Structure formats: C-alpha cells, structure tokens
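Here is the structure we will look at, set down as structure tokens.
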Amino acid sequence: MRRTISNILIIVFTAIIAVSGYRLWNIFHEYHVGEQQYESTASKYVRPEKPAEEKVEGPPTVCPITVDFESLLAENSDVVGWIYSENTQINYPVMRGDSNEEYLHTMINGAYNSAGSIFMDFRNAPDLSDFNTIIYGHHMKNGSMFASLHQYTKQEFYDEHKYMWYLTPDHIYRLDLIAGYVGDAEAEIYTIFSSRDELNHYLSFAASKSNFEPDTVPEDINGIVALSTCAYEYDNARYVVVCVPVMTD
C-alpha cells in the first residue's frame with residue numbers, strides 16, 4: 001500500500017514538474033520570439049544617424065536614428081511613430097489600433113505574443129496634437145518593451161537618460177523628461193485632457209510625485225507625452241514617465 005502511494009506521488013510530482021517546465025519554456029520561447037521580431041523590425045527600418053563631430057552644449061538637436069517609414073507603413077499601416085531611448089532596449093515602432101486591446105498582445109506582424117506592441121491610446125490624435133498623448137508598453141521581465149521606464153525611480157538613471165526620441169513620418173521630436181512616478185491604473189492621466197487647465201493641474205501633480213528632479217521644466221507646456229507601463233509596488237500600479245515633445249526638424 002505504501003509503495004503504491006509512493007508511486008502515485010512520484011507520478012504526480014513528475015507531472016507537476018513537467019507541466020511547470022513546459023510553461024517556463026513557453027514563456028521564455030515567447031520572449032525570444034518577441035525580441036527576435038522587434039530586432040528584425042529595427043534592423044530593417046532603422047539606421048543610425050551620423051553623429052555631430054563637435055559636442056553641442058545643452059539638449060541634443062540631432063536624433064541618433066532615422067526610420068524608413070515608407071517601408072514600415074507598407075508592412076503595417078497602423079504604425080504612427082517610432083520611439084527610441086539611447087542605451088536602453090527602447091527602440092520600437094508605435095502602433096495605434098481601433099482599441100487599446102488590439103495591440104496589447106499583438107506584434108507589428110499580426111502574431112500573438114505576450115509582449116504585444118508599444119501602442120498609442122486609440123483616443124489620441126496620432127500627430128501629438130492633444131494636451132496629453134498616452135503611449136503604453138508592457139513591463140517585460142526580460143527587460144524589453146517599456147520595462148526600463150521603472151528605472152526612472154532612481155535619480156541616477158534619469159541623469160544618464162534625460163531624453164528620448166519620437167519619430168513620425170512627418171516630424172522628429174526630442175522627448176524631454178520632466179517627471180516619473182508610480183500611480184494608479186485609473187488615474188487622471190488615463191483620460192484625454194480637454195483643456196489647458198486640466199493639463200496644468202496634472203503637471204503640478206506629476207511634479208509633486210516625481211522620483212527624479214529634472215534639469216529644467218519649460219514654463220509654457222502645450223502638450224505632453226505620457227509613457228505608461230505596469231509597476232509592482234501595489235495592485236494595479238503603473239509607472240508613468242512624463243515627457244515634453246520638442247520638434248527638432
């Protein structure tokens with residue numbers, strides 16, 4: 001009887017280990033497929049820009065990359081931009097679907113993947129003309145997508161990554177980072193502001209919550225880009241990085 005129970009337990013534990021192992025393999029395989037897809041996309045459509053020979057004081061004025069939007073849009077017409085952060089893994093096309101679920105777990109090639117895509121809120125105008133434009137990305141455990149945003153909880157990370165870049169078929173924007181904080185998934189930022197008063201109220205809130213102190217904050221801000229990813233400080237937490245888009249072309 002004891003031997004029978006032992007054999008049953010061995011079979012059960014073996015099955016549990018096998019199922020757990022398969023699930024882990026499936027997760028890491030998905031990560032690998034997602035990384036390969038976006039590395040392939042970047043290699044096809046992104047080229048480094050020749051750096052200036054002389055270092056310019058102050059914020060950079062030349063984007064480190066160029067994007068072949070004509071070919072990129074031929075692959076998927078839902079592309080509205082490309083976001084890039086130097087010396088991080090952020091180097092992705094930005095999608096905009098008919099809902100915020102469309103690209104939550106769908107890559108640029110239409111394939112399902114837990115990493116999904118970096119995507120703009122479907123309620124936003126794609127040209128950054130709203131008072132607040134929201135761009136979402138998953139916080140992947142392998143550091144891909146928007147996982148590095150959470151590093152802005154540390155001042156030293158901001159000091160080394162003060163700017164990002166957002167490219168569209170028509171313009172190039174430097175994103176000047178002015179705040180980063182942990183907030184709730186149902187917070188004010190996830191509505192589309194309808195007035196400058198709403199924007200100014202939010203800017204005061206974001207500044208009071210920010211984990212880092214920015215070098216400068218423009219006095220007259222007409223619009224912002226909010227980059228959002230999951231955070232794990234509490235249930236339904238999000239990490240939001242607030243940027244001011246500055247057209248450089």
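The values are calculated or read from the model by the stated rules, or taken from the named source; none is laboratory data. In this text the structure is predicted, and so the values were computed from the model without any measurement. Cβ: placed from backbone, ideal geometry, glycine included. Neighbour counts: every protein chain shown.
Remarks
- One residue alone among Tyr31, Tyr45, Tyr22 is at pLDDT 95 or above, hydroxyl-bearing (Ser, Thr, Tyr) and either surrounded by 12 or more Cβ atoms within 10 Å (Cβ to Cβ) or more than 22 Å from Val225 (Cα to Cα) (or both), and that residue is Tyr45.
- Restricting region 202-245 to residues that are β-branched (Val, Ile, Thr) and either in contact with a Cys (Cβ under 8 Å, 6 or more places away or on another chain) or closer than 14 Å to Thr133 by Cβ (or both), the residue that is surrounded by the most Cβ atoms within 10 Å (Cβ to Cβ): Val241
Residue-wise test of (1) out of contact with any Phe, Trp or Tyr (no Cβ under 9 Å at 6 or more places or on another chain); (2) touching a residue at least 60 places away in the same chain (Cβ under 8 Å); (3) aromatic (Phe, Trp, Tyr).
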site: Met140; (1), (2), (3): no, yes, no
site: His150; (1), (2), (3): no, yes, no
site: His161; (1), (2), (3): no, yes, no
site: Tyr173; (1), (2), (3): no, yes, yes
site: Glu188; (1), (2), (3): no, no, no
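- Output for region 101-142, where each listed residue is in a loop (DSSP other than H, G, I, E, B), of a type outside the set (Asp, Glu) and touching a strand residue (DSSP E or B) at 6+ places or on another chain (Cβ under 7 Å): Tyr103, His105, Ile108, Ala115, Gly116, Ser117, Asn124, Pro126, Leu128, Gly137, His138
- Test: residue in region 144-159 that is at pLDDT below 95, basic (Lys, Arg) and surrounded by fewer than 18 Cβ atoms within 10 Å (Cβ to Cβ): no
- Of the residues examined, Glu188 is not one that is among the acidic types (Asp, Glu), exposed (fewer than 15 other Cβ atoms within 10 Å of the Cβ) and either within 30 Å of Val46 (Cα to Cα) or touching a Leu at 6+ places or on another chain (Cβ under 6 Å) (or both).
- Every residue from region 143-167 that is within 16 Å of the chain's Cα centre (by Cα), at negative phi and in a loop (DSSP other than H, G, I, E, B): Ser144, Phe146, His161, Lys162
- Leading residue by the ranking (surrounded by the fewest Cβ atoms within 10 Å (Cβ to Cβ)) among those in region 75-101 that are without any contact (Cβ under 8 Å) to a residue 24 or more places away in the chain and more than 17 Å from Leu167 (Cα to Cα): Ser99
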